[in-house]
Every structure is written in structure tokens, then in C-alpha cells.
1. Evaluate the distance, in nm, between pseudo-label points positioned 7 Å from the Cα of Glu29 and of Glu404 along their respective Cα→Cβ axes.
2. Highest first, please rank the peptides 81-91, 290-300, 256-266, 98-108 by the mean number of other Cβ atoms sitting within 10 Å of their residues.
3. When the chain is modelled as a GNM with alpha-carbon springs shorter than 10 Å, which of Asp282, Asp400, Asp306 fluctuates the most?
4. Could you sort 361-371, 340-350 so that the peptide with the highest average Cβ count within 10 Å comes first and the rest follow in order?
5. Can you give the FRET efficiency for Asp85 and Lys181, using 1/(1 + (r/R0)^6), R0 = 41 Å, r = Cβ-Cβ distance, to the nearest 0.05?
6. Quote the charge dipole size of segment 124-256 about the Cα centre in Debye, to the nearest 20; the model charges only the Cβ of Lys and Arg (+1) and of Asp and Glu (-1).
7. Distance in nm between label sites at Ile240 and Thr196, each 7 Å beyond Cα in the beta-carbon direction?
8. Nothing charged except the Cβ atoms of Lys and Arg (+1) and of Asp and Glu (-1): what's the magnitude of the dipole of the chain about its Cα centre? Round to the nearest 20 debye.
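What follows is calculated from the coordinates using simple rules that are stated; it is not laboratory data. Just so you know, these numbers come straight off a predicted model, no measurement behind them. Please note: Cβ atoms are built from the backbone with ideal geometry, for glycine as well, and neighbour counts cover all protein chains shown.
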Amino acid sequence: MGENYDIIIVGGGPAGLSAAYSAEKNGAEKILILERDREAGGILQQCIHNGFGLHHFKQELTGPGYAHRCYESIKNKKSIEILVDTMVLEIRPDKTVLAVNPEKGLMELKAGTIILTMGCRERTRGAIRIPGYRPAGIYTAGAAQRMVNMEGYLPGKKIVILGSGDIGLIMARRMSLEGCKVQAVLEICPFSNGLTRNIVQCLQDYDIPLYLSHTITRIQGKDRISGITAAKVDEHMQVIAGSEFDIDCDTLLLSVGLIPENELSRGAGIAIHPLTNGPIVDQHRETNLPGIFAAGNVVHVHDLVDFVSEEAEIAGKYAALEVRKQTKEPLKDIEVVPANGIRTCVPQHLRLGAEGETVRLFMRVRQPMRKVKLEIRSGGKILLTKPLPVAKPSEMIAVDLPAEKVAGLAEKLEVGIKEGA
Ligand SMILES: Cc1cc2nc3c(=O)[nH]c(=O)nc-3n(C[C@H](O)[C@H](O)[C@H](O)COP(=O)(O)OP(=O)(O)OC[C@H]3O[C@@H](n4cnc5c(N)ncnc54)[C@H](O)[C@@H]3O)c2cc1C
């Protein structure tokens, strides 16, 4: 049997680093971060553009700049150890962690509590089943981002991007800045799936056309991609016959969604939510397995890393309190249910004691709406309303439910959205 730790954190991205910072602040004495990459920082290492940290650090940073700030906050703490080049292979409900590292070999480690911060991965061509040949030149936008920003290679010169998620939009701008011609961004939904600021700053500022309600019906080229066939889709996302047209390209980038990285969680028996694809968590980010917490993109895909840090600090705090046996037995379990217009809400339930505590809820709407009102209800009573000028599926909504309202909860919490603010 290997060494014992207070807390083992799986994944050294911004969530893992922020969780360690908060766990140490809350009294954990022996914390280990396990990271499979050659350095900590997670996916932010390849996001060299700015726009990070405005909420959390009150300063505009690049991705690596943000990761560095997270790293700086823990690097001199004696109680925190980071092992890089270390892949976690298995976690068990008894809080044993199996990991492998080129120097230490296979390690079996034991923890008081575990925090899962493995982030997410990108959906690939196979997941969306685009017909056609399988030539070279098709990459996920994130793979191309790493190639260009970290390895110094260009994947091609004439680019088409499928999907208008933020990574695709950011890559449209990056490829233009690198001297490539971005022919088009195609999006199957009738609305963009990226932040408004990215549509303006990455597409409109560079005159890159965005085709909404369009998809790819064919990939051309046998050895190397030479073009794609695009087509319009109807409201059921079915291709409209006769609307096809061709676009030349030597590279296709896919930005068609992120999938929380939960193979380890599933293996341990952690309950996964079918819509967020992440563990079902309470307000402290504890999963259904006692002492196993989760935070960041592994729980639900975030659009702003600032919220990732905030969530990870909650998980870090309660993982530390649990190790020190300072958490109280909950007296009630209140379900949080998405109602009209809301697709997902995290946390999915609240485990509450006698005293109330402020709870921050993170939500995503089903479709874009203007001038709406967010409404939180319980037992037929409205607890909170918040007018929103715009609500979009790509922009996560965060709202705080004050402690005095949480204290009195007896029935499930319903979170919905209504037109007319
Ligand atoms: C390609 C891409 C580009 C993005 N660009 C932006 C952007 O421009 N702006 C923005 O705000 N957000 C962006 N995001 C979202 C971004 O992921 C989050 O904002 C934030 O980085 C999430 O932090 P995290 O710590 O939860 O996950 P990550 O940053 O993904 O960190 C997870 C870490 O866990 C490690 N890990 C996973 N599994 C294991 C294992 N089994 N063993 C050991 N280590 C493991 C990974 O190597 C990684 O370092 C992007 C995401 C992706 C995938």
C-alpha cells in the first residue's frame, strides 16, 4: 500500500489548482495533485488569447497567465505536492487511487477525500458521423489550437470550421492571424453556440462568414481533404435537399462540443447526470460517493474559467472540512429541478443542515431568449426572480440564493425562465 494523503486531486488544471488552494486554506495538511500532462495548468496552457480572469482575479489575463496565477497561489505551500506526467488509472469508492508515473511506476495511494478535476475532451468526427472519405486534414479545434499555439505547426492554409462553439471561434481568429484563409464557420443550430463577444471579436472583426442552420454533408478528397459540401438544415436539423454547395479547403476544424472526462468517475460508481454528462453533485460538489468531490469542466462544461475556480474552491473547502470531520450531518436533501426553459442546473441537489447557507446555482437555457425573468420557486412560492436582458444556451447563468431562503426550504427547488422581464 502506498502513501496516505488528506486529499488527492485528480487533474492539475485551473479546477485542480484552485481546489488545492482552497483545501489548504481550510486546514488540509497533505494534498497531492496528480496531472497526466508534462506541467500543470490544464487546457489553459494552449489558450494564448486574452479574456480570462476578469471576475476571479479582477484582471484580464491570457490562458497561461491565468494558469500561472493559480499555480503561484500554491507553489510555495509545503502541504501541496504536484506530480506531473502521472496518469490516474482508477479511483475506488474506498478512496484508493491507482496512478502511473515514469519514475515511480504504478502507485496505489490512499486519500481521506478525493477531488475530481479531470476537465473535458472534445467531440470528434466519429461522434457526429460526417459522411465521406477519411482523408488527412481533419482536426478538432482544440488539437489544432495545441499544434499552433504550443508546438508551432500550422495544420493547413484554407480552413473551414464546423461548429460555432467558443474554441472554433477563437481558432477562426487565430488561423486568420497566422495568415490562413478561413472560408466559413458552419453551425447546425439557428443560433451560435459561442459567447457574443467571441462572435464579434473573432468572426465579424475578420469578415469570416457564419452560416447558421448549416451542416456538412460530405467530405471531399481521398488522401488530403480538398473541400466539403455544406447544406442548409430545417427546424428539425434535417438537410434540405437541393440546398447543397461546395467550399474548398485543405483543413477542417471541428468545434462540436465538449464531453466531461468521466471514465474514472463511472468506474468508481459515481452517478452521472444524463444532460450535464458530469457527476451529480450537491452544493458542496460532493458526489453520491461520500468523500469524493468534483469541480470544473468534469462536472459541467463552463464557458468562463473564473467560474471553474469558484466551483473548485467550494469543493476544496468542503473536502478539507470533511477530512477534518468538521462537516455536519445533513438533515434534509432538497432536489433542484430545471423547469420551463432551463436545460441544466448545477448543483442537482442540496444537502442542508439546520443553518442556511448561500447557494450559487449555475444554469443553462434551452434556447436563446430576450427580455426574460429567471424564477426560483419552492412549494408553490417564488423565492427569487432575476430579470435578464438576454439568455443564451452558450452563456451560463449564475445566481445566488441567499442563506435565509435556503434555510427554510422544505420542498424541491424549481428553476425556470419566463418571457417578459
Ligand atoms: C480545447 C479547449 C479550449 C478551451 N478554450 C477556452 C477558452 O478559450 N476560454 C475559456 O474560458 N475556456 C476555454 N475552455 C474551457 C476550459 O476547459 C475551462 O475554462 C477550464 O480550463 C476548465 O478547467 P478544468 O481544470 O476543469 O479542466 P482542464 O483545464 O481541462 O484541466 C483538466 C486537467 O486534468 C488532467 N487529467 C484528466 N484526466 C486525468 C487523469 N486520468 N490523470 C491525471 N490527470 C488527468 C488533464 O490533463 C488536465 O490538465 C477550453 C476547453 C478546451 C477543451
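1. For Glu29 paired with Glu404, the spin-label model returns 4.1 nm.
2. Ranking, from highest mean packing down: 290-300, 256-266, 81-91, 98-108.
3. Among Asp282, Asp400, Asp306, the largest GNM mean-square fluctuation belongs to Asp400.
4. Put in order of decreasing packing, that is 340-350, 361-371.
5. E(calc), rounded to 0.05, equals 0.60.
6. Dipole size: approximately 360 debye.
7. Using points 7 Å along Cα→Cβ, the separation is 2.7 nm.
8. 500 debye
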